[in-house]
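The values are calculated or read from the model by the stated rules, or taken from the named source; none is laboratory data. Predicted model, so just to flag it, every value in this text is computed and none were measured. Cβ placement follows ideal geometry from the backbone for every residue including glycine, while neighbour counts extend to all protein chains displayed. Ligands, DNA and RNA are excluded from the accessible area calculation, which covers all protein heavy atoms including side chains. Shrake-Rupley method; radii C 1.70, N 1.55, O 1.52, S 1.80 Å.
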Amino acid sequence: MSAASTPMRPVDTAWLRMDTDVNLMMIVGVWLLAPAIRYEDLRERVEARLLRFERFRQKAVRGVVGAQWVLDEDFDVARHIVVETLSRRRGQSARRALQVRMGELAATPLDPAHPLWQYHLIEHYDGGSALICRIHHCIGDGVALNSVMTSITDGGVEPPRLADHDGDGHAGDWLSDTLLRPLGAAAVRALDLYEEGLAKALDAAEHPQRAALNAARSGVQLASDVAAFAFMSDDAKTPLKGHGTGRKVVSWCEPLGLERVKATGRALGASVNDVLLACVAGAIGHYLRETGEDPAGKDIRAMVPVNLRPLETAWQLGNRFGLVPLLVPVGIDNPIERLVVVRQRMKALKGSYQPLLAYELLALSGLLVRSGQKAISDLFLDKTTAVMTNVAGPAQPLSFCGSRVRQSIFWVPSSGDVGVGVSIISYAGGVQFGLITDEKLCARPDRISDRFEPEFEVLERMAKRLPHDDASAHPERTHGRQHR
């Protein structure tokens, strides 16, 4: 390798090699902009801001074991910014045409001979522009990429001076960073969209003596979590589970007001995350019933990413998150009962080391040959139906090249045979829900996403009818009183 190359961290190598014949490990997102922006302004902004991060000039070069970041000596920014006009069939709305194009791009590999990212500027979309971004997961996770992309907006906050390792913040001993330090964390508290939880807990482990003491105290929990991973049961068999075709379809719904979600959560004694996941479960259950499947009593397993970094270092590229397996109660029709179950399961996971174990397993798998990595990743994927992720985006509206970002949507990638991805992002006082599926497993994801708001509205109505002190203290008492 040339002097311009640097070793890729093992955990990022694992994500690089996780592409399959039916799933590409790309994060795909879109900004809907008004008014339209010009190609020349977009290119100037990318050159001035995004390319400050050297990672976006580097290609990923695989070895037999491991990979390298290598400067692309043939780098041309024009290769990474494509201008398009939507192709629309007769009678097809612009929104539907954009969804079709997004699905096509989600199934189209990035060129491995060059840096693994690309912008697609859709001109003349709904009175403005649509700016699609595709980035391979090996470059960074959702928290990091959201922070970096926000930094290139008008007035975006400059990140700290980038170090030689491009600010990924993980150039030291990865084993001590991913194993010893996490085991010394005071407590594992995470899984809430608007709290740092686990990241703060990780930063609390500063002394080896404290680490040893906390590890000893947490031995029972750790052993339990290892067993939970090793002996994970199969989730329910539904039409959403199976080997797909690799053809992707996407959908999204209009944003919900974040204050409405918070108020409903407070009234029902649940977190924002609990409310949103209960709505997702209800929407999927409704879809299954609508398509002739009886989901009664069934759970599907979703892998839920958990941030493992302090948010003040969110701009650092690379992947630093774990996964927890959440059983999603799609078979519970009563919305309050469903919320209670989600809340209980989330609460049980908040004291878990499973995010750390998953991160360590992924880091380990990145050190192995590809067949070894597959054996490890199959522990997660064979018994999983969906990936469900959420990212806290900017609270205030953004502008980009002089235009307003009126909606920000992204779609989480999947690997193995996982054919459903649920993405939630907060932005400018709203909560945006997006869905990506394999066409064979769910050809009409809009039939799920269109149910998201109605499911929330049922919970909201119930919350307003209940005495605040009763509902917030004991939501489980309410599920026998009211039904749809």
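A few notes on this one:
- Each residue in region 302-325 was checked for being part of a strand (DSSP E or B) and out of contact with any Phe, Trp or Tyr (no Cβ under 9 Å at 6 or more places or on another chain), and 4 pass.
- Number of the condition not met by Arg320 [criteria: (1) under 18 Å from the mean Cα position of the chain (by Cα); (2) surrounded by 24 or more Cβ atoms within 10 Å (Cβ to Cβ); (3) under 30 Å from Arg266 (Cβ atoms)]: (3)
- Filtering region 124-150 to residues that are within 19 Å of Pro305 (Cβ to Cβ), open to solvent by 10 Å² or more (accessible area, probe 1.4 Å) and in a loop (DSSP other than H, G, I, E, B) leaves only His137.
- Output for region 112-130, where each listed residue is over 16 Å from Val100 (Cα atoms) and hydrophobic (A, V, I, L, M, F, W, C): Ala113, Leu116, Trp117
- Filter result for Val249 (outside any loop (DSSP other than H, G, I, E, B), modelled with pLDDT of 55 or more, farther than 26 Å from Ile332 by Cα and in contact with a strand residue (DSSP E or B) (Cβ under 8 Å, 6 or more places away or on another chain)): yes
- Of everything listed in (1) under 12 Å from the mean Cα position of the chain (by Cα); (2) under 24 Å from Arg309 (Cβ atoms), the single unmet condition for Leu435 is (2).
- Scanning region 104-123 for residues that are closer than 25 Å to Gly318 by Cα, assigned to a helix (DSSP H, G or I) and either open to solvent by 30 Å² or more (accessible area, probe 1.4 Å) or among the small types (Gly, Ala, Ser) (or both) yields a count of 1.
- Hits in region 25-66 (condition: in a helix (DSSP H, G or I), surrounded by 15 or more Cβ atoms within 10 Å (Cβ to Cβ) and of a type in the set (A, V, I, L, M, F, W, C)): Leu42, Val46, Leu50, Leu51, Phe56
A quick yes/no check of all residues on (1) touching a Cys at 6+ places or on another chain (Cβ under 8 Å); (2) open to solvent by 10 Å² or more (accessible area, probe 1.4 Å); (3) not aliphatic (A, V, I, L, M):
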residue	(1), (2), (3)
Cys253	no, yes, yes
Arg260	no, yes, yes
Asn273	no, no, yes
Ala281	no, no, no
His286	no, yes, yes
Thr291	no, yes, yes
